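Undergrad: Let me begin by handing over the structure; questions about it come next.
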Amino acid sequence: MLICLCSAQANNNLWPDGTKIDKWFDNTEKVKVSSLGKKYVITDYGVKNDSTVLQTAEIQSVIDRCAEEGGGLVVVPEGTFLTGSLFFKQGTNLLVEGRLKGSDRIRDFRLLPSRMEGQSIKYFAALINADGLDGFTITGRGAVEASADNAPSTTGFTTQKSCIDGNGALYWEEFWIRRQYNPQCTNLEAMRPRLVYLSNCKNVTVQDINLITSPFWTNHLYKCERVRYLDCFIYAPTKGIKVPGDKRERGGPSTDAIDIDVSHDILIDNCFMQVNDDAVVIKGGKGTWADKQPENGPVYNVIVQNCNYGVVHGCLTVGSESVHDWNIVLRNISFKNANRVLWLKMRPDTPQHYEKIRVENVSGTCNSFLVIRPWTQFYNKADRADMPLSECNDITITGIDVVSKNFFDVGKSEKYRLVDFTFENCDVQDQKKAFDKTIIENCQVKNLVINGEEIK
């Protein structure tokens with residue numbers, strides 16, 4: 001995979017708040033398959049290589065057997081295996097050599113207490129579910145090598161090897177049809193499963209695997225810690241979906257690559273991401289009282305590095321369902337035709353504090369680079385006398401080489417403060433020429449060059 005090769009500008013050993021980054025983040029060594037215990041090859045236990053027969057119960061029985069016998073490695077061999085929601089247990093791990101394909105019927109995904117869009121609600125289980133596990137690995141035999149230059153874009157892309165395939169086409173079509181009937185239809189109303197849902201887990205590695213065509217969010221981490229994504233290919237189409245009565249060509253809606261929700265110590269390294277929504281998303285709760293509800297909380301200590309992006313809505317998006325986030329680092333990445341690179345979504349109905357965020361050593365082409373605007377989708381503000389003023393502070397953007405239509409897409413609002421931003425060593429081509437440091441309190445500019453002119 002391609003890696004941005006610009007020189008780093010900041011101390012890679014320190015978080016934006018000045019504290020030392022734990023050595024855990026230096027470990028990008030893959031988990032060895034041989035270390036994961038006895039192999040439970042699903043076809044050895046009666047599961048058939050048949051893409052047309054739903055075998056949820058049969059595959060789940062292999063997972064259960066593996067757990068009962070002390071743990072090990074559940075193996076999906078070459079071939080295609082159709083399933084609904086699967087639940088992994090302590091001591092079990094997953095190796096996908098072939099294609100694990102999700103059902104295109106929501107009835108095959110269990111309805112249970114869950115977490116979605118900043119709310120604790122009943123919702124449909126994901127294809128792969130893990131709750132409360134310490135030490136869990138999802139691995140393949142290697143992901144598709146991709147860059148923004150040769151990324152697939154239509155619904156026709158698939159792979160038969162090392163693939164967890166959400167099989168999302170029918171879910172996407174139904175979503176867009178619902179939006180025609182009701183333009184205010186929420187994501188939740190179009191009932192769709194996620195691909196991978198990890199909750200209350202720690203010491204997890206997802207590596208060397210293709211995670212594709214999810215009906216909804218591709219990966220969702222809730223109340224997790226020490227999770228690594230290494231050399232993964234995460235994809236959903238950004239065009240190619242046509243529905244009756246709609247002349248526009250659509251992509252797979254709300255197929256976020258990785259949603260990090262009330263979690264900390266997360267490493268995403270050397271992954272390719274192209275989805276029809278945001279790539280890496282920082283979440284934690286929404287609503288006027290979100291900061292007072294125990295199911296919500298912060299996200300901190302996140303590094304996204306050495307990644308390559310195709311078309312995405314945002315390379316790193318903070319919000320819209322966030323409360324307090326800090327020590328978020330995006331570094332050594334490249335992108336092509338990203339809609340936004342750093343997107344700070346500000347909900348007027350939610351108290352939000354985003355701070356200590358650093359973007360460094362990045363290059364590519366985008367529509368907008370930095371976006372900070374009020375986000376009012378499904379706005380629902382309640383009365384609260386002591387509603388805190390939202391704030392973004394201590395944001396550093398350094399070592400930037402980009403071509404953009406609008407480098408500085410930032411708006412003022414009485415609902416939030418923007419304080420202590422630094423733009424340093426940036427070489428920018430910018431069509432709109434909208435940079436205005438007066439919008440931000442204490443905005444520092446050091447060697448910022450826009451369209452060949454140094455900005456003071």
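Undergrad: So if I check each of Ser162, Ser153, which one is at pLDDT below 90, surrounded by 16 or more Cβ atoms within 10 Å (Cβ to Cβ) and polar (S, T, N, Q)?
TA: Numbers: Ser162 fails: at pLDDT below 90.
Unique residue meeting the criteria: Ser153.
Undergrad: It is to be established whether one or more residues within the range 42-54 are among the charged types (D, E, K, R), in contact (Cβ under 8 Å) with a residue 60 or more places away in the chain and under 21 Å from Thr159 (Cβ atoms).
TA: First, pick out the residues of the range 42-54 that are among the charged types (D, E, K, R): 44, 48, 50.
Narrowing the set further to residues that are in contact (Cβ under 8 Å) with a residue 60 or more places away in the chain leaves none.
No, the range 42-54 contains no residue that is among the charged types (D, E, K, R), in contact (Cβ under 8 Å) with a residue 60 or more places away in the chain and under 21 Å from Thr159 (Cβ atoms).
Undergrad: From the list Phe81, Phe88, which residue is of a type in the set (Phe, Trp, Tyr), crowded, with 18+ Cβ neighbours inside 10 Å and closer than 30 Å to Tyr300 by Cβ?
TA: Of the residues listed, the single one that is of a type in the set (Phe, Trp, Tyr), crowded, with 18+ Cβ neighbours inside 10 Å and closer than 30 Å to Tyr300 by Cβ is Phe88.
Undergrad: Could I ask something else about it? Can you give me the number of residues within the range 171-191 that are within 14 Å of Trp217 (Cβ to Cβ) and assigned to a helix (DSSP H, G or I)?
TA: Of the residues in the range 171-191, 3 are within 14 Å of Trp217 (Cβ to Cβ) and assigned to a helix (DSSP H, G or I).
Undergrad: Looking only at residues that are outside any helix (DSSP H, G or I) and in contact with a helix residue (DSSP H, G or I) (Cβ under 7 Å, 6 or more places away or on another chain) in the range 32-51, which one is nearest to Ile138 (Cα to Cα)?
TA: In the first step, residues of the range 32-51 are kept if they are outside any helix (DSSP H, G or I); the result is 32, 37-41, 46-51.
Those left that are additionally in contact with a helix residue (DSSP H, G or I) (Cβ under 7 Å, 6 or more places away or on another chain): 40, 46-47, 49.
Values: Tyr40: 14, Gly46: 22, Val47: 20, Asn49: 20 Å.
The residue in question is Tyr40.
Undergrad: Return the residues of the range 273-302 that are in contact with a strand residue (DSSP E or B) (Cβ under 7 Å, 6 or more places away or on another chain) and over 21 Å from Ala148 (Cα atoms); say none if nothing qualifies.
TA: Here is the first cut: in the range 273-302, the residues in contact with a strand residue (DSSP E or B) (Cβ under 7 Å, 6 or more places away or on another chain) are 273-275, 278-284, 295, 298-302.
Answer for the range 273-302, where residues must be in contact with a strand residue (DSSP E or B) (Cβ under 7 Å, 6 or more places away or on another chain) and over 21 Å from Ala148 (Cα atoms): Ile282, Lys283, Gly284, Glu295, Pro298, Val299, Tyr300, Asn301, Val302.
Undergrad: If we scan the range 94-114, do we find a residue that is of a type in the set (S, T, N, Q), touching a residue at least 12 places away in the same chain (Cβ under 8 Å) and within 30 Å of Asp291 (Cβ to Cβ)? Show your work before the answer.
TA: The first filter runs over the range 94-114 and keeps only residues of a type in the set (S, T, N, Q), leaving 103, 114.
Checking the rest, the ones that are also touching a residue at least 12 places away in the same chain (Cβ under 8 Å) come to 103, 114.
Those left that are additionally within 30 Å of Asp291 (Cβ to Cβ): 114.
Yes, the range 94-114 contains at least one residue that is of a type in the set (S, T, N, Q), touching a residue at least 12 places away in the same chain (Cβ under 8 Å) and within 30 Å of Asp291 (Cβ to Cβ).
Undergrad: Could you list, in sequence order, all residues of the range 372-423 that are on the phi > 0 side of the Ramachandran plot and surrounded by 20 or more Cβ atoms within 10 Å (Cβ to Cβ)? Even if it seems obvious, please write down each step before you answer.
TA: Pass one, the range 372-423, residues on the phi > 0 side of the Ramachandran plot: 378, 394, 399, 420.
Across the range 372-423, the qualifying residue is only Gly399.
Undergrad: Taking only pairs six or more apart or across chains, which ones have beta-carbon atoms under 6 Å, a first residue in the range 296-321 that is under 16 Å from Phe369 (Cβ atoms), and a second residue that is among the basic types (Lys, Arg)?
TA: Gly314/Arg340
Undergrad: Looking at the range 274-287, is at least one residue of a type in the set (S, T, N, Q) and closer than 22 Å to Met191 by Cβ?
TA: Of all residues in the range 274-287, those of a type in the set (S, T, N, Q) come to 274, 276.
Filter once more, so that each one left must be closer than 22 Å to Met191 by Cβ: 276.
For the range 274-287, residues of a type in the set (S, T, N, Q) and closer than 22 Å to Met191 by Cβ: present.
Undergrad: Taking Tyr379 as meeting all but one of (1) closer than 22 Å to Met346 by Cα; (2) among the hydroxyl-bearing types (Ser, Thr, Tyr); (3) not in a loop (DSSP other than H, G, I, E, B), write down the number of the exception.
TA: Looking at each condition in turn, Tyr379 falls short on (3).
Undergrad: Within the range 139-170, track down each residue that is farther than 18 Å from Gly79 by Cβ and not in a loop (DSSP other than H, G, I, E, B).
TA: Result: Ala169, Leu170.
Undergrad: Then there is this: Within the range 220-310, which strands (runs of 3 or more DSSP E) (wholly inside it) include 3 or more residues that are at pLDDT 95 or above, β-branched (Val, Ile, Thr) and crowded, with 20+ Cβ neighbours inside 10 Å? Lay out the reasoning, then the answer.
TA: Numbers: elements: 225-230, 233-235, 258-261, 264-269, 272-274, 280-283, 299-305.
Hits in the range 220-310: 280-283, 299-305.
Undergrad: For the range 292-351, give me each residue that is of a type in the set (Gly, Ala, Ser) and more than 17 Å from Thr255 (Cα to Cα). Can you show your working first?
TA: So the first thing to find is which residues in the range 292-351 are of a type in the set (Gly, Ala, Ser), and the list is 297, 310, 314, 319-320, 322, 334, 338.
Gly297, Ser322, Ser334, listed by residue number.
Undergrad: Sort through Lys48, Lys30, Lys39 and tell me the only one that's under 30 Å from Tyr300 (Cβ atoms) and either surrounded by fewer than 18 Cβ atoms within 10 Å (Cβ to Cβ) or not β-branched (Val, Ile, Thr) (or both).
TA: Working: Lys48 fails: under 30 Å from Tyr300 (Cβ atoms); Lys39 fails: under 30 Å from Tyr300 (Cβ atoms).
Residue meeting the stated conditions: Lys30.
Undergrad: Please state which one of Thr205, Thr213, Thr288 is within 25 Å of Asp104 (Cβ to Cβ), in contact (Cβ under 8 Å) with a residue 24 or more places away in the chain and of a type in the set (Ser, Thr, Tyr). Break it down into steps so the answer makes sense when it comes.
TA: Details: Thr205 fails: within 25 Å of Asp104 (Cβ to Cβ); Thr288 fails: within 25 Å of Asp104 (Cβ to Cβ).
Every option except Thr213 fails the conditions.
Undergrad: Still on this structure: Could you pull out the residue among Glu355, Glu414 that is acidic (Asp, Glu), modelled with pLDDT of 95 or more and either over 13 Å from Ser320 (Cβ atoms) or part of a strand (DSSP E or B) (or both)? Working first, answer last.
TA: Values: Glu414 fails: modelled with pLDDT of 95 or more.
Criteria check complete, one pass: Glu355.
Undergrad: Okay, moving on. Kindly list the number of the only condition in (1) modelled with pLDDT of 95 or more; (2) in contact with a Gly (Cβ under 9 Å, 6 or more places away or on another chain); (3) closer than 30 Å to Ala151 by Cα; (4) surrounded by 16 or more Cβ atoms within 10 Å (Cβ to Cβ) that fails for Val62.
TA: Here Val62 clears every test but (3).
Undergrad: Please go through the range 352-367 and give me each residue that is under 19 Å from the mean Cα position of the chain (by Cα) and of a type outside the set (D, E, K, R), ordered by number.
TA: Tyr354, Ile357, Val359, Val362, Cys366
Undergrad: Given the condition over 26 Å from Phe157 (Cα atoms) and either among the small types (Gly, Ala, Ser) or at pLDDT 95 or above (or both), answer yes or no: does some residue in the range 76-87 qualify?
TA: Filtering the range 76-87 for residues over 26 Å from Phe157 (Cα atoms) gives 87.
Filter once more, keeping what is either among the small types (Gly, Ala, Ser) or at pLDDT 95 or above (or both): 87.
Yes.
Residues checked against (1) among the charged types (D, E, K, R); (2) under 24 Å from Phe25 (Cβ atoms):
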residue	(1), (2)
Arg248	yes, no
Asp265	yes, yes
Phe272	no, yes
Asp277	yes, no
Gly287	no, no
Ala290	no, no
Thr317	no, yes
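Undergrad: Filtering the range 351-393 down to residues that are in contact with a Leu (Cβ under 8 Å, 6 or more places away or on another chain) and among the acidic types (Asp, Glu), which residue is nearest to Arg417 (Cα to Cα)?
TA: Only one residue tops the list, namely Glu391.
Undergrad: Quick one: would you say Ala67 is of a type in the set (Gly, Ala, Ser) and modelled with pLDDT under 95? Lay out the reasoning, then the answer.
TA: Details: of a type in the set (Gly, Ala, Ser): yes; modelled with pLDDT under 95: no.
No; evaluated as a whole, the condition is false for this residue.
The values are calculated or read from the model by the stated rules, or taken from the named source; none is laboratory data. Everything numeric here is computed off the predicted structure, so don't read it as measured data. Neighbour counts run over all protein chains shown; Cβ positions are idealised from the backbone, glycine included.
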